[in-house]
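Trainee: Here it is, the structure, as structure tokens.
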Amino acid sequence: MGLVAGVVFIGALAKGFAYDDVLVILGDPGIQRWNGLFGRLLEPYWPGSSGQSVGAWRPVATAVLGLTWILSDGAPLAFHAVGILAHMAASALVVLVLARLLAPTTAALAGLLFAVHPVHVEAVANGVGIAEPLAAVFALLATLLHLAAGTS
């Protein structure tokens, strides 16, 4: 299912930054260099005054954005690739979790629906959306570990 998810969103690789990417990625010098990234992990996800009013703290997403910027020199393609890879992992994990609970065909169909569903477009195609597939990956990994522990 991961490959299907990748194929569905591959067109995002050719796009630039959009919407909130401008503020959160392009407008945040704190994630654009090593010596600023560590301090940003202790601050709200949204940079500047908007971050103080929103108050969301997403250190893993901030770290991924910062590492992606530093390793790619800010190339939009890299941010899109990371989002697609995270969605591919989440799609595969959906199938693995559901295969422990449902018939294999049902798990595969549900995973296919998850992989291609348009609700994921904003989370996968925009750099700032990385928090959503990352949260899905961690939640699904935790669920898979829990299910595995219960069956041994």
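Laboratory data are not the source of any read-out in this text; all were calculated from the coordinates shown. The structure displayed is predicted, hence computed values, not measured ones. All Cβ positions, even for glycine, are placed from backbone atoms using ideal geometry, and neighbour counts span all protein chains on display.
Trainee: Of all residues in the stretch 28-64, which are of a type in the set (G, A, S), crowded, with 17+ Cβ neighbours inside 10 Å, within 30 Å of P118 (Cα to Cα) and free of Cβ contacts under 8 Å to residues at least 60 places away in the same chain?
Mentor: Of the residues in the stretch 28-64, the ones of a type in the set (G, A, S) are 30, 36, 39, 48-51, 53, 55-56, 61, 63.
Pick out the ones that are also crowded, with 17+ Cβ neighbours inside 10 Å and you get 30, 51, 61.
Still in the list and also within 30 Å of P118 (Cα to Cα): 51, 61.
Of everything in the stretch 28-64, just one residue is of a type in the set (G, A, S), crowded, with 17+ Cβ neighbours inside 10 Å, within 30 Å of P118 (Cα to Cα) and free of Cβ contacts under 8 Å to residues at least 60 places away in the same chain, namely G51.
Trainee: Continuing with the same structure: State the number of residues belonging to the stretch 46-68 that are part of a helix (DSSP H, G or I), more than 19 Å from V124 (Cβ to Cβ) and not small (G, A, S).
Mentor: 3
Trainee: Can A81 be described as of a type outside the set (D, E, K, R), part of a helix (DSSP H, G or I) and in contact (Cβ under 8 Å) with a residue 40 or more places away in the chain?
Mentor: Working: of a type outside the set (D, E, K, R): yes; part of a helix (DSSP H, G or I): yes; in contact (Cβ under 8 Å) with a residue 40 or more places away in the chain: yes.
When the stated conditions are applied, A81 passes them.
Trainee: May I pose another question? Give the stretch 90-131 a look and list any residue that's of a type in the set (S, T, Y) and surrounded by 14 or more Cβ atoms within 10 Å (Cβ to Cβ), or say none. So that I can check it myself, show each step before the final result.
Mentor: Initially, the stretch 90-131 is screened for residues of a type in the set (S, T, Y), giving 91, 105-106.
S91 - this is the single residue of the stretch 90-131 that is of a type in the set (S, T, Y) and surrounded by 14 or more Cβ atoms within 10 Å (Cβ to Cβ).
Trainee: Would you confirm, using the coordinates I've provided, whether H80 is closer than 23 Å to M1 by Cβ and crowded, with 16+ Cβ neighbours inside 10 Å? I'd like the intermediate steps shown before the answer.
Mentor: Working: closer than 23 Å to M1 by Cβ: yes; crowded, with 16+ Cβ neighbours inside 10 Å: yes.
So H80 fits the description; yes.
Trainee: Name the single residue, out of those in the stretch 103-120 being among the hydrophobic types (A, V, I, L, M, F, W, C) and free of Cβ contacts under 8 Å to residues at least 12 places away in the same chain, that is farthest from A86 (Cα to Cα). Spell out the reasoning first.
Mentor: Step one: filter the stretch 103-120 for residues among the hydrophobic types (A, V, I, L, M, F, W, C), giving 103, 107-110, 112-116, 119.
In the following step, the residues that additionally are free of Cβ contacts under 8 Å to residues at least 12 places away in the same chain were identified as 103, 109, 113, 119.
On the way: A103: 25, L109: 20, L113: 16, V119: 15 Å.
This residue is A103.
Trainee: Being in a helix (DSSP H, G or I), closer than 23 Å to L23 by Cα and free of Cβ contacts under 8 Å to residues at least 24 places away in the same chain, is that true of even one residue in the stretch 91-102? Reasoning before the result, please.
Mentor: Kept after step one, since they are in a helix (DSSP H, G or I), are these residues of the stretch 91-102: 91-99.
Filter once more, keeping what is closer than 23 Å to L23 by Cα: none.
No, because not a single residue in the stretch 91-102 is in a helix (DSSP H, G or I), closer than 23 Å to L23 by Cα and free of Cβ contacts under 8 Å to residues at least 24 places away in the same chain.
Trainee: Now for a separate question. Could you check, for the stretch 2-19, whether at least one of its residues is out of contact with any Lys or Arg (no Cβ under 6 Å at 6 or more places or on another chain), surrounded by fewer than 18 Cβ atoms within 10 Å (Cβ to Cβ), within 13 Å of G66 (Cα to Cα) and not β-branched (V, I, T)?
Mentor: no
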